[in-house]
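Comments concern the structure below.
No value in this document is a laboratory result; all are computed from the given coordinates. Since the structure is predicted, the reported quantities are computational estimates derived from the model, not experimental observations. Neighbour counts run over all protein chains shown; Cβ positions are idealised from the backbone, glycine included.
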């Protein structure tokens with residue numbers, strides 16, 4: 001299986017030196033992502049791509065190629081695989097569409113493919129997929145032109161049934177700065193299926209969180225058993241839950257609907273975190289990078305009265321409690337106030353505390369409390385406020401470092417968000433490994449995911 | 001009392017896929033699931049024997065091989081309070097049934113205002129799955145149900161009861177005592193166990209499970225067998 005992600009060399013079948021050719025994008029995507037291995041473009045007509053000659057005679061292919069990426073018409077896929085088999089290539093990604101998703105299960109091309117791979121013992125990803133993006137190896141097999149340099153390396157891996165979602169998730173993981181290790185577009189699962197990929201990722205050293213997006217679950221029991229076994233969080237985006245999408249799914253990836261209520265129950269039982277969108281996958285990714293939330297009691301600090309109220313609502317909505325804090329602690333925190341005009345409670349309105357020391361004091365002493373399981377922080381921040389605090393820009397970094405150290409010292413999560421212009425928030429997300437949520441309510445939602453996950457451990 | 005295996009065998013021998021309410025409950029009680037006290041009566045003298053055994057008030061229900069939706073078919077008489085009422089109800093029901101193998105199920109009337117549903121279904125992908133939720137007419141109206149895969153452990157069972165929207169029905173509310181969650185949980189676990197042990201059982205529906213003095217008791221039940229396995 002590792003060869004699908006870390007091949008020492010690949011052959012791309014279906015390349016042509018013409019503007020409309022898609023397979024050549026596979027070559028350029030890999031090059032741009034700095035894939036270190038050799039790439040052999042193979043096609044029917046002479047020409048060159050990326051300054052490299054297209055190989056038209058399969059005799060010219062060297063031995064020892066570890067992976068084939070195939071994007072030739074469906075009718076020629078079996079022949080191409082036969083060539084692979086003769087050349088000793090035992091792993092192939094079939095990008096080509098036009099199999100069961102197009103004409104139902106009785107598809108002649110599919111039968112031919114199965115016969116050839118059985119004969120040669122070839123393992124397949126796909127067909128009807130865009131293969132693999134692996135930030136560790138630089139392998140990037142989607143056939144649409146991407147900008148892989150923008151992909152951020154991280155420790156999340158995604159298994160998805162959708163090619164569109166493959167690319168979009170890669171963008172979102174990168175833009176939200178959670179990063180990813182691998183995104184696998186699994187297509188029709190003619191050979192390998194989600195269980196095989198899941199087992200691989202459970203053992204993969206570059207993967208810490210496993211994300212899945214599936215329209216159909218084909219071996220539910222096995223999936224649940226594996227989820228119970230693994231120490232890695234599994235985040236699941238199960239789509240195709242409505243009658244409307246079941247119709248699309250049939251023509252899409254030959255999916256069938258599972259009773260969604262049973263799916264929900266089974267996931268809860270196995271500690272699988274369920275999400276309803278790709279964005280929510282990134283929220284979960286951040287939330288599960290935090291220490292485990294071991295109870296439902298939160299201390300909340302916001303730099304605005306309005307957001308304190310909003311956060312109070314959000315805590316209740318997501319099943320959290322904001323217990324009262326000891327009076328003597330509140331007295332001490334109140335001594336940091338400037339105007340002395342706001343009474344402290346939980347959630348705490350820090351609108352009158354213009355002091356980093358005050359914030360640090362409150363965070364540390366709240367996390368220390370036995371009856372507090374985690375914190376929510378919604379901080380105002382932009383460079384002007386930083387100046388006001390009189391310590392220049394650096395203190396944000398110091399603040400984040402402090403939060404990181406304190407959080408880990410008490411092993412209790414801090415869900416952080418900023419109330420600021422989007423461009424400043426983007427800056428933080430980019431420059432700090434500390435998970436930054438996009439919005440205070442989202443940070444509470446994230447803690448709920450964290451809690452639900454750890455509850456089952 | 002017949003063993004669970006014997007009950008299934010006799011149903012299969014008759015090429016039936018549905019267990020009668022009586023058979024279903026016999027089966028469930030073999031798994032320590034509390035069911036209503038009840039007797040089958042084919043004749044009036046058996047009827048009176050049953051009423052003497054159980055005592056009034058009673059429920060009388062039509063019982064025949066493949067009979068479901070008893071209420072819709074006017075085969076249920078509730079709150080029968082004496083021998084005369086019992087005889088009239090018996091005759092009425094026998095007239096509606098009008099067939100061989102027909103009998104009347106004479107059953108204790110369980111007092112309790114709260115009705116739950118507990119069931120089992122065999123999902124194509126996930127296998128035996130246990131259901132818990134609001135029972136009686138609310139099962140269909142509110143669909144406030146939740147599932148877990150069998151086998152269930154105690155935490156699964158407790159989670160299910162915590163999970164439904166109407167979970168407060170289990171609390172001490174309006175002077176009614178709180179439901180015994182451990183006892184209900186035990187029923188859920190046992191239903192899951194039945195699903196694991198008997199592949200031939202396709203579905204179980206215990207609806208309603210009435211909360212009476214805090215304990216759940218199966219007031220109606222239906223067990224459905226997998227047709228493909230019965231026809232062999």
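Against the main long axis of the alpha-carbon atoms of chain A, helix A:243-253 sits at an angle near 40°. The C-alpha atoms of chain A define a longest principal axis, and helix A:260-270 lies at about 70 degrees to it. What FRET efficiency do you get for residue A:38 and residue B:79 if R0 is 60 Å and r is their Cβ-Cβ distance, rounded to the nearest 0.05? The pair residue A:38/residue B:79 has a calculated efficiency of 0.10. Quick one: angle between helix A:74-86 and the longest Cα principal axis of chain A, in degrees between 0 and 90, rounded to 10, please. For A:74-86 against chain A, the angle is about 80 degrees. Approximating the spin labels as points 7 Å out from Cα along Cα→Cβ, the residue B:124-to-residue B:228 distance works out to 1.0 nm.
Spin-label model, residue B:111 to residue A:402: label points 7 Å out along the Cα-to-beta-carbon direction sit 6.6 nm apart.
Averaging the Cα positions of each part gives two centres, and for the range B:7-22 and the range A:63-136 these lie 50 Å apart. For the peptide B:124-134, the mean number of other protein chain Cβ atoms found within 10 angstrom of a residue's Cβ is 5.
Evaluate E = 1/(1 + (r/R0)^6) for residue A:229 and residue A:277, where r is the Cβ-Cβ distance and R0 equals 30 Å; express this FRET efficiency to the nearest 0.05. Walk me through the numbers on the way to the answer.
Numbers: r = 27 Å, r/R0 = 0.91.
Step by step, r from the Cβ atoms, then E = 0.65.
From other protein chains only, count the Cβ atoms within 10 Å of every residue's Cβ in A:208-219, then give the mean.
Mean partner shielding for this stretch: 1.
The label point for residue B:2 and the one for residue B:31, both projected 7 Å from the Cα toward the Cβ, are 1.7 nm apart. Suppose R0 equals 51 Å. What FRET efficiency, 1/(1 + (r/R0)^6) with r the Cβ-Cβ distance, do residue A:430 and residue B:10 give to the nearest 0.05? It comes to 0.10.
Beta-bridge orientation, chain A: approximately 15 percent antiparallel, per DSSP, counting only bridges with both partners inside. Neighbouring Cβ atoms from other chains, within 10 Å of the Cβ of residues in B:144-151, number 4 on average. Would you mind pulling out the separation of the Cα centroids of the range A:1-19 and the range A:289-348, in Å? Computed from Cα coordinates, the inter-centre distance equals 54 Å.
Ignoring everything except DSSP H segments at least 4 long, calculate the 222 nm mean residue ellipticity for chain A; use -39,500 (n - 2.57) per segment, divide by total residues, nearest 500.
-12500 deg cm²/dmol
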